[in-house]
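Q: This is the structure, below, for whatever I ask next.
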Amino acid sequence: MPLSDAGPRILLRRLRQIMAEPGSGQERLDKIVRQIANLMVAEVCSIYIRRQDGSLELFATEGLNPAAVHNTHMARNEGLVGMIAENGETVNLPDARSHPSFSYRPETGEESYHSFLGVPVQRGGIVLGVLVVQNRTQRHYASDEEEALQTIAMVLAEHLASGDVQGVSGYAAARGRSPIVKGQPLSDGIALGHVVLHEPRVVVRNLFGDDLKLERRRLARAIRTLRQDIDRMLQRRDIAGPGEHRDVLDTYRMFARDSGWIGKMREAIEKGLTAEGAVERVRNDTRVRMMRHADAFWRERFRDLDDLSDRLLRHLAGREATAAGEALPEDTILVARTMGPAELLDYDRERLRGLVIEEGGLASHVAIVAKALGIPAIGQARRIIEAVEAGDAAIVDALEGEVHIRPTADVIAAYSDKVRFRARRQKRYAGLRTDPAVTRDGERVRLNINAGLTVDMPHLAQSGADGIGLFRTEIEFMIAPSLLLRDRQAAIYKRILDAAGGRPVVFRTLDIGGDKLLPYLAQEKEENPSLGWRALRMSLDSQALFRTQVRALIKAAAGRDLDFMLPMVTTIDEYDRARALIEADLDWSRGRGWPQPERVRIGAMLEVPSLLFDIDRLFARADFVSVGSNDLCQFIYASDRNNARLAGRYDTLGMPMMRALDLVAAAARRHDKPLALCGEMASRPLEALALIALGFRSISMAPASIGPVKAMVLSLDAGRATGLVRRLIDEPGERASLRDELAGFALDSGVEIDDMARPPRERRPA
Ligand code: PEP
Ligand code: MG
């Protein structure tokens with residue numbers, strides 16, 4: 001018999017009474033099944049609960065043989081009940097016994113029942129059990145009966161999750177033990193701590209609504225606020241341009257106006273739920289079904305909807321949009337679906353141990369900031385949001401790219417050892433901080449750091465580096481919400497110079513374009529971005545942008561040394577033209593009476609192989625040359641530096657690279673000009689050894705590499721290394737790489753090569 005409109009509300013009211021009455025959890029389950037059977041006019045109502053091994057145990061029944069309670073167990077996937085638990089889907093059959101999955105259990109005495117309606121009892125996408133009603137007659141249960149049973153299942157899920165029912169190991173056990181989620185390391189390190197969800201999930205406890213009108217109003221208001229939020233986000237200048245983030249928000253906007261979704265929530269309120277109960281109810285309805293959808297497109301859409309439900313719940317609960325303003329545990333592992341760079345900066349650095357992002361890639365801006373803050377971080381951690389709950393213990397292993405959720409005691413102990421070991425090593429490097437990097441035979445090597453944000457600056461003092469060999473100016477542009485005008489830029493550069501406290505800083509002019517798109521600038525997507533309209537090519541064509549930056553740098557460096565460095569120089573003519581523009585701006589600023597920099601140098605980056613074949617003309621005019629080995633290597637080997645499948649395929653110590661660098665070092669000596677190298681290569685002790693052997697006396701690297709590289713320098717006899725490298729390069733033969741010989745040399749002569757210190761991946765802004 002279909003339920004009347006008031007039916008679900010009466011049922012919910014009765015359930016609430018049962019929950020409030022004294023008694024054990026088991027007694028409540030017994031009352032619940034009796035009540036449901038009564039109000040739904042069903043001859044049978046049973047609750048099956050999932051055990052740790054995935055089997056389902058009959059926990060309470062009205063109508064089946066009471067002796068079967070706690071004695072009937074369905075194996076995982078067995079029978080209709082097993083099927084519901086496995087698929088998370090409702091099953092409604094007029095004649096259950098003719099279904100191929102039906103499994104007959106004589107001890108229950110269910111042979112006389114034909115019709116069957118079973119719904120999963122689930123919470124947070126995890127199936128905790130199955131709720132079933134059965135009737136003797138062959139009938140198809142009406143859709144409002146299905147819905148009523150699903151709503152009751154939601155209430156039941158809360159009851160089970162509370163741990164009130166003896167023998168139910170609870171929500172955490174049902175969620176699975178200690179899964180490992182794999183991802184891509186964004187910022188190296190290991191962190192142990194507890195999960196904080198960047199966008200907190202509200203746990204709905206208050207499901208029963210007393211005041212229909214009030215709940216309708218609350219839902220309407222929350223939907224309105226949600227829509228306004230999304231519209232506001234879409235108007236923000238930093239996301240106004242095209243791109244993936246924009247597509248996601250457009251989809252959000254569409255869903256936030258979806259009448260099907262909103263209609264279902266309204267209906268749920270009419271049936272006696274609170275506004276938050278209704279949001280949760282509709283979300284549960286779609287969750288497991290959609291997440292098991294084979295089609296990735298639909299799974300993604302559901303995740304959007306899931307996210308919107310979370311936002312609605314936060315509005316209803318009056319909670320902040322992000323956890324940044326909340327009290328954080330001291331060992332916060334921040335977990336986010338997506339996150340902007342500025343959002344990460346809102347968190348208290350002191351409490352952040354690790355970061356896991358479901359979508360962020362190595363090139364994302366938040367990865368750049370995580371790296372700058374020195375927070376171990378993992379991106380592309382698929383399904384992490386579903387796998388964790390706020391407060392879960394977690395380990396972020398950003399060396400291997402793994403997140404251990406709710407780790408076992410053994411895993412925690414192993415990682416604690418690793419962390420202690422790393423800390424001891426860091427302590428040793430910290431002890432070298434103030435020692436100059438001089439080789440055993442007295443060669444002074446300048447060890448600089450690469451930086452790109454104001455938050456990078458403390459690394460200079462912490463690492464004991466000599467200066468900043470590469471300041472990537474585009475990074476501040478990439479995280480800014482809108483184009484940085486001259487005075488804003490000048491303020492940033494001045495802050496950098498102030499923080500450097502007289503140590504040299506080499507400012508690279510904007511290296512944007514290609515795939516480093518600024519969201520607020522209209523730029524076209526290109527087929528081959530790294531070979532495209534980027535860096536100096538763009539600066540020479542869009543002179544306003546370049547000259548604004550040049551003037552900002554001149555202004556910031558009044559009374560101090562100013563080093564310009566030009567990226568991606570491809571022809572000598574490009575260097576000459578850029579130099580002429582800088583000189584014109586220096587004249588312009590003098591004409592306006594600006595206080596001038598003490599000394600100006602204009603250097604070129606050597607990143608494009610064409611310059612190797614015009615090297616004397618380059619050294620004849622550039623004030624200094626710095627090799628950008630990341631790009632040089634990708635162009636020499638025609639191997640995309642961002643393609644994971646090619647990573648490590650071509651050796652940076654291979655003969656082609658070694659001969660190229662030897663040629664550059666020889667030209668620097670001929671012209672008596674300063675030479676440096678500022679690519680990732682300098683971060684690895686063995687590669688740095690090769691560079692010193694070739695004659696490089698200034699290298700610039702990730703801050704965390706200063707310690708291991710300095711330890712190498714202090715234990716090195718540079719003369720002997722040069723002798724060996726010279727011989728190996730000049731010797732005719734079949735040698736493909738210097739790697740083995742250099743490693744052997746280091747081992748034999750006691751040069752410290754810290755293999756454990758995996759080279760910190762350099763930040764790749766694009
Ligand atoms: C390089 O190419 O080596 C370099 C230092 O520049 P970037 O990594 O910013 O391209
Ligand atoms: Mg480069």
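Q: What lysines could a cross-link reach from Lys418, if we take a straight Cα to Cα line under 18 Å and drop same-chain neighbours fewer than 8 places away?
A: Lys427
Q: Can you tell me the accessible area per residue over the chain, all protein chains present, probe 1.4 angstrom, in square angstrom? Intermediate values should be presented prior to the final figure.
A: Details: 31860 Å² over 766 residues.
Ligands and nucleic acids excluded, the figure is 42 Å² per residue.
Q: If you take every DSSP beta bridge whose two residues both sit in the chain, what share of them, in percent to the nearest 5, is antiparallel?
A: Details: 47 of 85 bridges.
Taking every DSSP beta bridge within the chain, about 55 percent pair in antiparallel fashion.
Q: Modelled label-to-label distance, Arg444 and Trp298, 7 Å Cα→beta-carbon offset: nm?
A: Here the answer is 6.9 nm between the modelled labels.
Q: So for the chain, averaging the separation of alpha carbon pairs under 8 Å that are six or more residues apart and normalising by length, what relative contact order in percent results? Write down the numbers at each step before the final one.
A: Working: 1439 pairs, mean separation 78.0, N = 766.
Across the chain, relative contact order equals 10 percent.
Q: Out of Leu728, His99, Val627, whose Cα points farthest toward the positive end of the dipole of the chain (charges: +1 Lys, Arg; -1 Asp, Glu; placed on Cβ)?
A: Val627
Q: Note down the relative contact order for the range 497-599 as a percent, whole number, built from C-alpha pairs under 8 angstrom at least six residues apart.
A: Rounded, it is 32 percent for the range 497-599.
Q: Remind me, relative contact order of the range 612-766 in percent, using alpha carbon pairs under 8 angstrom and six or more residues apart?
A: The normalised contact order for the range 612-766 reaches 25 percent.
Q: Report, in debye and to the nearest 20, how large the dipole of the chain comes out about its Cα centre when Lys and Arg carry +1 and Asp and Glu carry -1 on their Cβ.
A: It comes to approximately 1580 debye.
Q: Still on this structure: Please say if the range 631-766 is rounded, prolate or oblate, where rounded means a/c under 1.5 for a ≥ b ≥ c the square roots of the C-alpha gyration tensor eigenvalues, and otherwise the choice is prolate for a/b larger than b/c and oblate otherwise?
A: rounded
Q: What does the extension gain come out to for Val41 and Ala342, with contour length at 0.36 nm per residue minus their alpha carbon separation?
A: Working: separation 301, 0.36 × 301 = 108.36 nm, distance 5.71 nm.
Full-extension gain reported as 102.6 nm.
Q: Please give the peptides 631-642, 555-566 ranked by average Cβ packing (other Cβ atoms within 10 Å per residue), highest first, as a rough proxy for protection. Write out the running numbers ahead of the final one.
A: Values: 631-642: 17.8, 555-566: 20.2.
Highest to lowest by the protection proxy: 555-566, 631-642.
Q: Summing Lys, Arg as +1 and Asp, Glu as -1, what charge do residues with Cβ under 14 Å from the Cβ of Arg446 carry, Arg446 excluded? Display every interim value, and only then the final one.
A: Working: positive: Arg444, Arg503, Arg697, Lys710; negative: Asp435, Glu443, Asp466, Asp563.
Local charge sum for Arg446: 0.
Q: For the range 610-649 and the range 56-78, compute the distance between their C-alpha centroids and round to whole Å.
A: The distance from the Cα centre of the range 610-649 to that of the range 56-78 comes to 70 Å.
Q: Provide the packing ranking of 30-37, 665-672, i.e. peptides ordered by the mean count of other C-beta atoms within 10 Å per residue, highest first.
A: Answer by packing, highest mean first, reads 30-37, 665-672.
Q: Which pairs break 20 Å Cα to Cα here: Lys371/Lys516; Lys213/Lys271; Lys371/Lys525; Lys494/Lys516?
A: Correct reply: Lys371/Lys525; Lys494/Lys516.
Q: Amide H to amide H under 5 Å from Gly379: which residues, 5+ apart in sequence or cross-chain, H placed 1.01 Å off N in plane?
A: Close amide H contacts, sequence-distant or interchain: Gln184, Leu186, Ile357.
Q: Related question: Just add up the charged neighbours of Asp307: K/R +1, D/E -1, any other residue whose Cβ is under 9 Å from the Cβ of Asp307.
A: Details: positive: Arg303, Arg311, Arg337; negative: Glu199, Asp304, Asp306, Asp310.
In short, -1.
The values are calculated or read from the model by the stated rules, or taken from the named source; none is laboratory data. Keep in mind that what you see is a predicted model, and the values were worked out from it rather than measured. Cβ: placed from backbone, ideal geometry, glycine included. Neighbour counts: every protein chain shown. Keep in mind that these areas ignore ligands, DNA and RNA; they rest on the heavy atoms of the full protein, side chains included. Shrake-Rupley method; radii C 1.70, N 1.55, O 1.52, S 1.80 Å.
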